[in-house]
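The values are calculated or read from the model by the stated rules, or taken from the named source; none is laboratory data. Every value quoted in this text rests on a predicted model; they were computed, and no experiment measured them. Every residue, glycine among them, receives a Cβ derived from its backbone with ideal geometry; neighbour counts consider all protein chains shown.
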Amino acid sequence: MKTIKSLAEYTHSKKEHQISKENYFYTEPMCDINKFINGENSIAGIGLALDFLSSWYHYNYIYSFAFKQNEYLIVEENSFSISTYIAIEANNWYFSLGKNFERYKRSIEFHKAIKHMAQALLLGWDELAVKYGHLLIKMLYGKQYEGWHPAYKHPWFMLEIFCKWQKIELDYSKLNYPKDMGVYIEALKCWDTTDTTLLAKIINDLTDFHIAESDENEYEDRTPDFPSSDYFIFPIEMLLWLNIRQRIGLPDYTPDNELMNMPINNWHTQQTEIPRIEIIERAKQKLLQDCPEISFEL
């Protein structure tokens, strides 16, 4: 049986391993982007380079926040902002190329991209987050995600919560929506409840599901809902829901389980500035210079 302790220990070990690969996740992608800016590389690998950079900063965020809570606070905040922004820009890059090249349909996977949208809301980037949410829906209907798939339930829960908040009617005929949303059915039905006792019960049920389904192993007969240690101890699906509840003035949640009491799991909106990352700005300028017919969606 999984516990918060076992998930934290696994996450610690995995992130320690990943941040030891700085050359792979940071140095080489930065080199690839600079080569494109200098006219030495094509546009083909820039989205992937941005994706790798975003992962690198996220690994550092999870590792430093969860396991070195006080010593590296400034690093944590910057890493979270930078990771989130680069991920959104990666998908912005992919989508913008896809508008001009018919067969180009690369993207950040939907179950990752919806988390980046949620993170943008936590960081207080309301306008960007909402625009990105609308873009993800367009990509779900389009060639990038092609309706996506029902293997993971939590990204659909996150999308539904966003759409309820924004009063968006989804066209389910264009989506490969799960036939059974399981533990999320009650959460969606009672998403705006004012009953704090019921809210706490639902959060505890979602927490149990999150813990049980946090698993990076592959199985022939099932697919764990949370297949990445990036989010084992950082339940972004619940943080998004609680953040949106707070935004519309619903009663706040009082954490009463070990996962939600972890310092990293703050769903209250932070007021942070969107980072300006020079290498991304230069890469976008280079692309527009080389391909003036391209326009960025975000």
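Laid out as a table, the results:
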read-out	value
Test result for ILE274, β-branched (Val, Ile, Thr), touching an Asp or Glu at 6+ places or on another chain (Cβ under 8 Å) and at pLDDT 95 or above	no
Residue within segment 47-54 that is surrounded by fewer than 21 Cβ atoms within 10 Å (Cβ to Cβ), of a type in the set (S, T, N, Q) and either in a loop (DSSP other than H, G, I, E, B) or out of contact with any Asp or Glu (no Cβ under 7 Å at 6 or more places or on another chain) (or both) present	no
Hits in segment 89-125 - residues which are of a type in the set (Val, Ile, Thr) and either on the phi > 0 side of the Ramachandran plot or touching a Leu at 6+ places or on another chain (Cβ under 7 Å) (or both)	ILE114
Condition met for LYS105 (farther than 23 Å from ILE279 by Cα, of a type in the set (Lys, Arg) and assigned to a helix (DSSP H, G or I))	no
Conditions (1) without any contact (Cβ under 8 Å) to a residue 24 or more places away in the chain; (2) surrounded by fewer than 19 Cβ atoms within 10 Å (Cβ to Cβ); number of the one not met by ILE202	(2)
Residue count for segment 152-192, restricted to those that are more than 21 Å from TYR94 (Cβ to Cβ) and in a loop (DSSP other than H, G, I, E, B)	16
Contacts under 7 angstrom Cβ, first residue in segment 265-278 being more than 20 Å from SER64 (Cα to Cα), partner at pLDDT 95 or above and in a loop (DSSP other than H, G, I, E, B), 6 or more apart	THR269/GLY124; GLN271/GLY124; ILE274/TRP125
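So that you can scan it fast, the table gives a plain yes or no per residue for (1) closer than 30 Å to LEU250 by Cα; (2) modelled with pLDDT under 95; (3) surrounded by fewer than 22 Cβ atoms within 10 Å (Cβ to Cβ); (4) touching a Gly at 6+ places or on another chain (Cβ under 8 Å):
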| residue | (1), (2), (3), (4) |
| --- | --- |
| VAL75 | no, yes, yes, no |
| THR84 | yes, no, no, no |
| ALA90 | no, no, no, yes |
| MET117 | yes, no, no, yes |
| LEU121 | yes, no, no, no |
| TRP125 | yes, no, no, no |
| GLN144 | no, no, no, yes |
| PHE162 | yes, no, no, yes |
| LEU170 | yes, no, yes, no |
